[in-house]
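Working notes, beginning with the structure itself.
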Amino acid sequence: MSEPISLNRDAWDLFEKLCGAAESLRLGVSRGSLGEHLVDAGAAHPGGIEAGRRIAEICMGGLGRVTLAHDAALARWPLTLAVASSRPVFACLASQYAGWSLAHEKFFALGSGPARALARKEKLFEELGYADRADHAVLVLESAKPPPAAIVEKVATDCGLAPDRLGIIYAPTQSLAGAVQVVARVLEVALHKAHELHFPLDRIRDGAAAAPLAPPHPDFITAMGRTNDAIIFGGRVHLFVTGPEDEAKALAERLPSATSRDYGRPFAEIFRAVKGDFYAIDGALFSPAAAIVTALDTGRSFHAGQLDPANLDIAFD
């Protein structure tokens, strides 16, 4: 009998390799006040594209592959991140999704990565029916500074581990590594929208997606906007699903970002217009620009949406 999937066990192996390559990847590796393992991937240490690519795979609990290539689909922005997983629900929703809100005094960050599957603090895990068991945990934070001791203690307690069993990676969105690991969520964003559309997750058997690497920007809102726009205007996804083909067709038609009432402006502009209130933005916007859904039971594929290079140019330039 095969050993049960452990997102944290596999991610910890990748985390140790990341730490071992810290010098070549321009990372800062240290221990926090409670003994936690810290990796600075873009704050006081510069990090870079390869660091971000590896962090993205750690975010997926070792169940995803992230590659960097040149793609002719977007002539002005050919550098593309391609993401694939044969266990996309676990890799994306149980691990990569930034669903753990962590706040203490002036510190706030959304936690992603496999530590979420140990803590299970989100309602989503009731639907996924998955609980990890591991003696280490890895958490990834979009942050320009490491978490304070109170957050580390909370994460350790919620994961049922001692703090020295935690690996915490942090990188601001304005950094190269930060931009890479956010854009590499293009498949996760599609899975999350499928979930919001109430498509049965157990029928999503495989998936792959791609999006252009967003050029970083020193301003946080601009940088965040670009990483979102990389997916909204330049992302494409291919999901392979079981079940009736009319439901596969309906999923394809509803997945693209252009179905949102907020589609058509750079994300940073939308964000500023709603004064930073994410909940005021139509959730349908958070999705790739183009989608293909293949109905495995019949072999038919359904296409919807299209890339939007004009709007991508406005966002990236």
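A few points about this structure:
- Of all DSSP beta bridges in the chain, antiparallel share, percent nearest 5: 70
- The portion of the accessible surface of the chain made up by carbon and sulfur, rounded to a whole percent, is 53 (1.4 Å probe; DNA, RNA and ligands excluded).
- ASP202 versus LYS145: modelled label distance in nm, points set 7 Å from Cα along the beta carbon direction: 4.6
- Checking the cross-link pairs LYS106/LYS154; LYS106/LYS193; LYS123/LYS249; LYS123/LYS275 against a 23 Å limit on the alpha carbon distance flags LYS106/LYS193; LYS123/LYS249; LYS123/LYS275 as lying beyond it.
- Mean shadow area of the range 190-237, taken as a quarter of the surface of its Cα convex hull (nm²): 4.0
- Summed over all non-identical Cα pairs, the Kirkwood treatment of the range 1-93 gives a radius of 14.8 Å.
- Listed residue (ALA43, GLY264, ALA11) projecting farthest to the positive dipole end of the chain, Cβ model: ALA43
- Within the range 36-189, DSSP assigns beta bridges of which about 60% are antiparallel (rounded to the nearest 5).
- Percent of Cα-Cα distances greater than 18 Å, calculated over the range 153-232: 58
- Helix-only CD estimate at 222 nm, as mean residue ellipticity for the chain, using -39500 (n - 2.57) per DSSP H run (n ≥ 4): -9500 deg cm²/dmol
- In the range 183-266, the C-alpha radius of gyration followed by the widest Cα-Cα span (Dmax) gives 14.0, 47 angstrom.
- Directionally averaged projected area (convex hull, Cα atoms, the range 207-317), nm²: 7.0
- Each residue of the range 61-71 is assigned a 3J(HN,Hα), and the resulting list reads x, x, 9, x, 10, 10, 10, 10, 8, 9, 10 Hz, derived from the Karplus form 6.51 cos²θ - 1.76 cosθ + 1.60 (θ = phi - 60°), x at Gly and Pro.
- Candidates ALA11, ALA156, ALA214, ranked by Gaussian network fluctuation over the chain, Cα under 10 Å, top entry: ALA156
- The range 158-174 and the range 250-296 have Cα centres lying 30 Å from one another.
- Rounded D (µm²/s) - the range 257-317, Kirkwood Rh over Cα pairs, Stokes-Einstein at 10 °C, 1.306 mPa s: 120
- The charge dipole of the chain, taken about the Cα centre with unit charges on the Cβ atoms of Lys, Arg (+1) and Asp, Glu (-1), comes to about 200 debye, rounded to the nearest 20.
- The base-10 log of I(q)/I(0) for the range 43-149, evaluated at q = 0.24 Å⁻¹, reads -1.30 [Debye formula, identical scatterers on Cα atoms, solvent excluded].
- Protein heavy-atom accessible surface, 1.4 Å probe, per residue over the chain: 42 Å².
- Take ASP313: with every protein chain present and a 1.4 Å probe, its accessible area is about 40 Å².
- Using distinct alpha-carbon pairs, which all enter the 1/r mean, Kirkwood radius of the chain in Å: 19.5
- In terms of its Cα atoms, the range 80-237 spans 41, 41, 22 Å along the principal axes, sorted from long to short.
- For GLU269, the solvent-accessible surface computed with a 1.4 Å probe is close to 90 Å², ligands and nucleic acids excluded.
The values are calculated or read from the model by the stated rules, or taken from the named source; none is laboratory data. Predicted model only: the values in this text are computed from it and were never measured. With ideal geometry, Cβ positions are generated from the backbone for all residues, glycine too; neighbour counts draw on all protein chains shown. The accessibility values were calculated without ligands, DNA or RNA, using every heavy atom of the protein model including side chains. Shrake-Rupley method; radii C 1.70, N 1.55, O 1.52, S 1.80 Å.
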